[in-house]
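S.K.: This is the structure, below, for whatever I ask next.
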Amino acid sequence: MAVVTLTIDDKPVSARAGESVLAAAREAGIRIPTLCHLDGVSEAAACRLCLVQVEGRGRLQAACVTETAEGMIVRTQTDTLREYRRMILELLFTEGNHVCAVCVANGNCELQSLAAEQGMDHVRYPYLNPARTVDVSHKQYAIDHNRCILCTRCVRTCDEIEGAHTWDVAGRGTLSHIVADMGQPWGDSVTCTSCGKCVQACPTGALFRQGSTVAEMTRDREKLADLVTARRDKKWTV
Amino acid sequence: MDHDELQRIASVERAAAKPVEIRCCTSSGCRASGSAEVLKQLRSAVQAKGLSDRVTAVGVGCPGLCSAGPVVSTHPDGAIFGKVTADHAEGIVSTLSGESTNAVRIDPNQPFFAKQFRIVRATAGQIDPERIESYIAADGYAGLYQALQQRPDEIVADVTASGLRGRGGAGYPTGLKWATVAKMPPGQKYVICNGDEGDPGAFMDRSVMEDAPHQVLEGMAIAAYAVGANQGYVYVRAEYPLAIERLQAAIHQATKAGLLGGNIFQTPFEFKVEIRIGAGAFVCGEETALIASVQGLRGTPRPRPPYPAESGLWDRPTLINNVETFATIPAILRNGSDWFAGIGTGTSKGTKIFSLTGKVKNAGLVEVPMGTTLREVVEQLGGGTADGRAVKAVQTGGPSGGCIPADLLDTPIDYESLGKIGSIMGSGGMIVMDDTDRMPEVARFFMEFCADESCGKCVPCRVGTVQLHGLLTKLVEKRATRHDLDLLIELCHLVKDTSLCGLGQSAPNPVMSTLRYFAGEYEALLQPEEFARPPRRSTIPLTVV
Ligand SMILES: Cc1cc2nc3c(=O)[nH]c(=O)nc-3n(C[C@H](O)[C@H](O)[C@H](O)COP(=O)(O)O)c2cc1C
Ligand code: SF4
Ligand code: SF4
Ligand code: SF4
Ligand code: FES
Ligand code: FES
């Protein structure tokens, strides 16, 4: 197998040809923040938190979709990148209605923990306070659009791992929203198998098991990637 | 179809032409102001006066001066009439026998017409866009015939040597793009013509599709032969019903004539074209979003690489070019790449169409050689402002472009020069502003457009444009402080540097260019801080140059 060597944050790193900068960094123990990336499904390159600087390239590159190359020099922690990541998180907090204190995912939310990790301690832009709905029509699960950050992890998980393709994105711009079966209440969806994979995939408190109360919604995201690996390699024992 | 047949059609058409022609514009602009009725009345006036044996009244494409529509011209004398109504028809026919008319005459020698150099729009306003014979009589499809006498790689080399660059906005070298697609391993490949044209105020591509649909198809066919594709798509927005109708008719006629389909000019080359109608989202003009839309998916961009040239429509190598780019190709094949490379400047060759709008006297379409200055276009062709006020700025490139102040109007129109002064060539929108236009409001208008048109996929563009619009609104309403201005600039940098596609990456341009040249107007709107704030410490520059 072809291997390339590159430098990430001054550390020499080797990677399999075709592997992403994100994967190579992780293997080398270098953490790049992500939100829309989910192990086991395709990339959306939508959250832009994983942006890094690659020497010789004019634009910042999303580490999740940038292929490693021989001799590449990558920086993941410049002042500008850190500032931009904080600003992107601020924008996400202004866009939805994120009231952590009453959220099922409090303490177990990727958005919340990234904000803490990246030092986003206050929001400088006005909150948009959109009027969004909650759909509790499904027997086991629910979606609270107020907490959705449109990462589309649920869409890709349902389509690519469960094969049901229940979810899609409708609308444009900041009016975009996740819909089941092209706009039906989730409970009426004929494609949904109630497998719960999308609920596992969601980084925030948007998708949750019915009956969860504040801070109760925990997840087991590795299961999704384990499932994909097991299917691919035909290895079902751990 | 063979070469003799092509020439036969041309000579039959030329022989059938009457010595005198009355040409009435039937394209969108004039159609909206009633040109269909004008043409009908012109025809009956010709008949009523018993002139049918030497005079015809024909519908033609747009001669360009749309603000004076409906436009009628007579040939060979070259007289032009504007704002023609059905009542003027008889009078215009009478002018052929030397009588006078109360129809408004337009000076055919004014700079608006005289200073243009038409390659893409050479036949616009001259021929009937709804008849293939009319196009063939004007040397139509001769370029395709010539292309098929050469090897595909020779065509790619020709296009490269011509120096043509993409007219869709970015100015990517067309020959290089063709070469990339041509070099992909043989197999299914596609050609796509991008006719989405979503910039507010731009209608160059609409007019090319309406006025010369066959020229677009001919360009696409030449491209398909050069890169090894057998299937093409024209992506047009549903708001362009006439363009769709004429393209559809043109595809039908060309297929019937054997100029599309199989065995073209008795060679093994085969090429089919279909139209795909878009719902009119600006982002669907972005090539990867457009491809998703053609596939029936949600029109959102995806990260590149891979570029469409490598993996595009249904993951196949795909050549995607703009309408105007394709429509330039036949002339390059007919006249040679040296001829084309001799027009324009060192790095920007050929001509560019602009849709001149805003506070300009002669609003409409102009085609000028690259290197023409903005001043020539605005003051000579455009005739300055309609009411004689001072030109304050010219906006090029629409929501992705910038405002150029009046003192830089001597800048030549080429990709690099416009880029250097903070704007872009764009696809050809040119909006003239006078001293009553307020720049922060102009910036807010474009930001509102971008926020509405953002596809919503990536965070900086989806939320950033909304916040930028909010900050600009606060500013325009005189509620903003210096702190807000700093936030605005910082956010511009974020959206520009981190968005996924060109829409977000260029959305801050109208703000940044107006801040660069008209900072005083922003400053004048600022309010004092309510309380003392510590100065901002940001690693992101709080300047825009
Ligand atoms: C937001 C956005 C909108 C665009 N709209 C158009 C358009 O309407 N027409 C067009 O030809 N190109 C448009 N483009 C550029 C296309 O992505 C692509 O570069 C172009 O069609 C390539 O053709 P060219 O090389 O002939 O210019 C747009 C790009 C972006 C980012
Ligand atoms: S529960 Fe399973 S099938 Fe239903 S929407 Fe979620 S992932 Fe798709
Ligand atoms: S519901 Fe959850 S997983 Fe789905 S897009 Fe929203 S935040 Fe992402
Ligand atoms: S920059 Fe805007 S239009 Fe482009 S992908 Fe991101 S959200 Fe969509
Ligand atoms: S993780 Fe790469 S853009 Fe979201
Ligand atoms: S549409 Fe008739 S002159 Fe332009």
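The values are calculated or read from the model by the stated rules, or taken from the named source; none is laboratory data. Being a predicted model, the structure only gives us computed values, none of them experimental. Cβ: placed from backbone, ideal geometry, glycine included. Neighbour counts: every protein chain shown.
S.K.: Could you please find all residues in the range B:466-497 being under 18 Å from B:Ile424 (Cβ atoms) and either of a type in the set (Lys, Arg) or within 8 Å of chain A (Cβ to nearest Cβ) (or both)?
M.R.: B:Lys496, B:Asp497
S.K.: How many residues does the range A:148-179 hold that are in contact with a Phe, Trp or Tyr (Cβ under 9 Å, 6 or more places away or on another chain) and of a type in the set (Lys, Arg)?
M.R.: Number satisfying all stated conditions: 1.
S.K.: Tally up the residues in the range B:60-100 that are over 20 Å from B:Leu365 (Cβ atoms) and outside any strand (DSSP E or B), please.
M.R.: Residues in the range B:60-100 being over 20 Å from B:Leu365 (Cβ atoms) and outside any strand (DSSP E or B): 19 in total.
S.K.: Take the residues of the range B:498-514 that are within 23 Å of the chain's Cα centre (by Cα), more than 16 Å from B:Gln467 (Cβ to Cβ) and more than 14 Å from every other protein chain (Cβ to nearest Cβ): which is farthest from ligand 1 (Cβ to nearest atom)?
M.R.: B:Ser513
S.K.: Within the range B:247-300, can you find the residues that are part of a loop (DSSP other than H, G, I, E, B) and over 30 Å from A:Gly173 (Cβ atoms)?
M.R.: Residues satisfying the conditions are B:Ala257, B:Gly258, B:Leu259, B:Leu260, B:Gly262, B:Asn263, B:Thr267, B:Pro268, B:Phe269, B:Glu270.
S.K.: Still on this structure, I have one more. Looking only at the range A:91-101, filter to residues that are at the interface with chain B (Cβ under 9 Å from one of its Cβ atoms) and touching a Phe, Trp or Tyr at 6+ places or on another chain (Cβ under 9 Å); which one of those is farthest from B:Leu542 (Cα to Cα)?
M.R.: A:Glu95
S.K.: Within the range A:102-212, which strands (runs of 3 or more DSSP E) (wholly inside it) include 2 or more residues that are within 16 Å of ligand 1 (Cβ to nearest atom) and within 13 Å of chain B (Cβ to nearest Cβ)?
M.R.: none
S.K.: Pairs, please: C-beta under 7 Å, at least 6 apart or cross-chain, first residue within 14 Å of another protein chain (Cβ to nearest Cβ) and surrounded by 11 or more Cβ atoms within 10 Å (Cβ to Cβ) and in the range B:528-545, second part of a loop (DSSP other than H, G, I, E, B) and at pLDDT below 75?
M.R.: B:Leu542/B:Arg536
S.K.: Could you tell me whether the range B:37-59 includes any residue that is closer than 26 Å to B:Arg246 by Cβ and assigned to a loop (DSSP other than H, G, I, E, B)?
M.R.: Checking the range B:37-59: not a single residue is closer than 26 Å to B:Arg246 by Cβ and assigned to a loop (DSSP other than H, G, I, E, B).
S.K.: Is the range B:382-403 home to any residue that is in contact with a His (Cβ under 8 Å, 6 or more places away or on another chain), assigned to a helix (DSSP H, G or I) and either surrounded by fewer than 20 Cβ atoms within 10 Å (Cβ to Cβ) or within 14 Å of another protein chain (Cβ to nearest Cβ) (or both)?
M.R.: For the range B:382-403, residues in contact with a His (Cβ under 8 Å, 6 or more places away or on another chain), assigned to a helix (DSSP H, G or I) and either surrounded by fewer than 20 Cβ atoms within 10 Å (Cβ to Cβ) or within 14 Å of another protein chain (Cβ to nearest Cβ) (or both): absent.
S.K.: Counting just the residues of the range A:149-168 that are β-branched (Val, Ile, Thr) and within 16 Å of ligand 4 (Cβ to nearest atom), which one comes out nearest to A:Pro185 (Cα to Cα)?
M.R.: A:Val155
S.K.: When the range B:442-465 is examined, which residues are found to be crowded, with 19+ Cβ neighbours inside 10 Å, within 10 Å of chain A (Cβ to nearest Cβ), assigned to a helix (DSSP H, G or I) and not polar (S, T, N, Q)?
M.R.: Listed by number, the residues that qualify are B:Cys450, B:Ala451, B:Glu453, B:Val459, B:Pro460, B:Cys461, B:Arg462, B:Val463, B:Gly464.
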